[in-house]
Amino acid sequence: MLALRKSGPAFGLDLAEVEAPGEPAAGEVLVEVAAVGICGSDIHVYEWTAGYDFMTPHMPMTLGHEFAGRVAAVGPGVDGFGIGDPVTVWPTVACGQCRASLAGRPQDCQERRVIGLHRNGGYARRVVVPAGNCLALPENLDIGLAALAEPLAVGQNAVDVAEIGSGDAVLVLGPGPIGLGIAWLALHQGTGTVILAGHDDRLRLDCGRRMGIPHLVDLKDEPLDRAVDRILGRPVDRVIEATGQVASIHDGLGVLRSSGILVVAGIHSEPLEIDLTRLVRDKKQLRTAHDASPSAWPRVLALLASHGAELGQMVSHRLPLSAALEGFELARRKQAIKVILEP
């Protein structure tokens, strides 16, 4: 079968014919992939930016961690799933033995492995995954949209970490799929004002407009502090960063109120230098959000089922797996919003 793989620690990916997986082992299921998204993390792997050296011992490996499909086979001891069932997959596989795993926090397991980053993922027609990582889709959720569940769960976790209260003004930095999802989720959580800012990214800001996000800022045309003052007339209560650019953290702190919270959700290849004394005196909190949580998944699946038309605006391209490299270049050059591959 055709698969998109990372073969070595250098720029690029390879489309290759590989042997299809066999029957799943005990506790596993075989998923026939219907849709798989190209994630910002996948772009980093494609470009081989800093921070992904952990993948090297596992190469060659099939990428893809945002996917949905149907169960094609079940291994011994698997209950709750049958052949043909539509599922999406939480790609974080915990060790199952550590304190975090036993406490129901698999995202905090320090021995966790990620499907598509440590082991073969969804950029192929079929993939074997642990049954415990599969989530059944709501009956009214289009399987072609269900690949959005993973990035939306990541976004929901960032919103949860930000502890957004009723009436809070929220600034989201970065209008990529994660940032778009965060802004939409914050808006539908009942917060006050939501501002989504990007830099020279009209395609994705226009997507935010179609999704109903009320305040959009192109930082090419207007400085962030001036835009916040124009829209709000005061500093914001929460900032969630989804750019991967260190400068945006400084910008976000500059428009955050005293005792406000800034959540870093982007993956950064450079270190952050910060004036801690000023941060302390301003009583601003700097937090991070990565991966999802068990509570995020059922919420975003329900939202996808009930608001698929709005959230589906993020999908700008659907391509066959054979055109995966074209899709990666579209995403890398910001000529796409969310690219979905259909193996």
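Any read-out appearing in this document is the output of simple, stated calculations on the displayed coordinates, not a laboratory observation. Fair warning: this is a prediction, and the values are worked out from it, not measured in the lab. Cβ sites come from the backbone with ideal geometry, for glycine too, and all protein chains shown count toward neighbours.
Data for the structure
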item: Listed residue (S293, G252, A336) projecting farthest to the positive dipole end of the chain, Cβ model; result: G252
item: Cβ-based exposure ranking for L152, L325, L30, in which fewest neighbours within 10 Å come first; result: L325, L30, L152
item: Helical contribution to [θ] at 222 nm, DSSP H n ≥ 4, -39,500 (n - 2.57), averaged over the chain, rounded to 500; result: -7500 deg cm²/dmol
item: The chain: relative contact order as a whole-number percent, Cα under 8 Å and 6+ apart; result: 18 percent
item: Gained length - R99 relative to S259, 0.36 nm times residue gap less alpha-carbon distance; result: 54.4 nm
item: Loop-resident sites, segment 1-108, for GluC sites (Glu not before Pro), counting at most 12 other Cβ within 10 Å (DSSP); result: E19
item: Computed lengthening from H188 to S166, 0.36 nm per intervening residue step minus Cα-Cα distance; result: 6.8 nm
item: Dipole magnitude of segment 152-288, debye to nearest 20 (Cβ charges: Lys/Arg +1, Asp/Glu -1, about Cα centre); result: 300 debye
item: Shape category assigned to the chain from the gyration tensor of Cα positions, a/c cut at 1.5; result: prolate
item: Cα gyration tensor shape for segment 217-286, rounded if a/c is under 1.5, else prolate or oblate; result: oblate
item: Order of V161, V172, V228 - criterion: other Cβ atoms within 10 Å of each residue's Cβ, fewest first; result: V161, V228, V172
item: Ranked list, fewest to most other Cβ atoms within 10 Å of each Cβ, for C39, C109, C95, C134; result: C95, C109, C134, C39
item: Segment 60-78 and segment 124-159: distance between their alpha carbon centers, rounded to Å; result: 11 Å
item: Rounded tilt (10° steps) of 177-188 against the dominant C-alpha axis of the chain; result: 70 degrees
item: Spacing of the two label points (7 Å from each Cα toward its C-beta) at D229 and A26, in nm; result: 6.7 nm
item: Global form of segment 152-288, assessed from the alpha-carbon gyration tensor, a/c cut-off 1.5; result: rounded
item: The chain - charge dipole about Cα centre, Lys and Arg +1 at Cβ, Asp and Glu -1, debye rounded to 20; result: 520 debye
item: Charge-dipole axis of segment 152-288 as Lys and Arg at +1 and Asp and Glu at -1 on Cβ define it, positive-most pick from I231, L196, G176; result: I231
item: Check: segment 223-331 dipole with +1 on Lys, Arg Cβ and -1 on Asp, Glu Cβ, in debye; result: 560 debye
